[in-house]
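To keep things clear, I will list the structure first and then write my remarks on it.
The values are calculated or read from the model by the stated rules, or taken from the named source; none is laboratory data. Model, not experiment: these values are computed from the prediction. Cβ coordinates were reconstructed from backbone atoms using ideal geometry, including for glycine residues, and neighbour counts include every protein chain displayed. Note: areas computed on protein heavy atoms with side chains; ligands, DNA, RNA excluded. Shrake-Rupley method; radii C 1.70, N 1.55, O 1.52, S 1.80 Å.
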Amino acid sequence: MELDLNTLSLRELKDLQVRVNRAVVTYEDRRKKEALAELEDKARQLGFTLNELLSGQPQRATRARSGGGAAKFANPLNPSETWTGRGRKPKWFTEALAMGQTPDEMAVPET
């Protein structure tokens with residue numbers, strides 16, 4: 001993109017300067033967010049969360065010790081991913097609902 005700065009007014013130049021400064025300041029943050037999103041996506045494809053991989057412990061075990069409650073739902077594509085039915089719905093749960101699954105179909109059998 002070639003921009004002839006000599007054709008711009010003082011106001012346009014100052015506006016451009018503000019936009020360039022903002023882009024420079026936020027460049028590293030944008031790159032970090034992109035890298036994090038790629039890593040989270042790759043971990044999800046492999047059936048993990050990024051926290052599980054970084055902590056070295058399965059996230060489910062950590063929650064069980066903290067009194068998170070028994071799992072009520074399991075991901076039909078990856079049964080190791082569970083949800084107690086409390087708090088925010090996991091992405092796999094909302095995606096399964098969008099694909100026509102019902103909560104009953106994802107329910108973990110009671111023991």
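Report, ordered by chain and residue number, the lysines lying within cross-link reach of residue 33, taken as a straight Cα distance under 16 Å and ignoring same-chain residues fewer than 8 apart.
42
Which value, in Å², gives the accessible area per residue of region 10-55 when a 1.4 Å probe is used on the protein heavy atoms?
91 Å²
Considering amide H positions built from the backbone, and no H for Pro or chain starts, which residues 5 or more places from residue 81, or on another chain, come under 5 Å of its amide H?
75
How about region 82-111: which trypsin sites (Lys or Arg not before Pro) there are in a DSSP loop, with at most 13 other Cβ atoms within 10 Å of their Cβ?
Qualifying residues, ordered by number: 86, 88.
Over the chain, what percent of the accessible surface lies on carbon and sulfur atoms, probe 1.4 Å?
Result for the chain: 55 percent of the exposed heavy-atom area is carbon or sulfur.
Need the list of lysines near residue 72 for cross-linking: C-alpha distance under 18 angstrom, and skip anything on the same chain fewer than eight residues off.
89, 91
Mind listing the phi-derived Karplus ³J(HN,Hα) values for region 85-101, rounded to whole Hz, using 6.51, -1.76 and 1.60 with θ = phi - 60°, and x for any glycine or proline?
Working through the residues one at a time gives x, 10, x, 5, 5, x, 4, 4, 5, 5, 5, 5, 4, 5, 8, x, 5 Hz.
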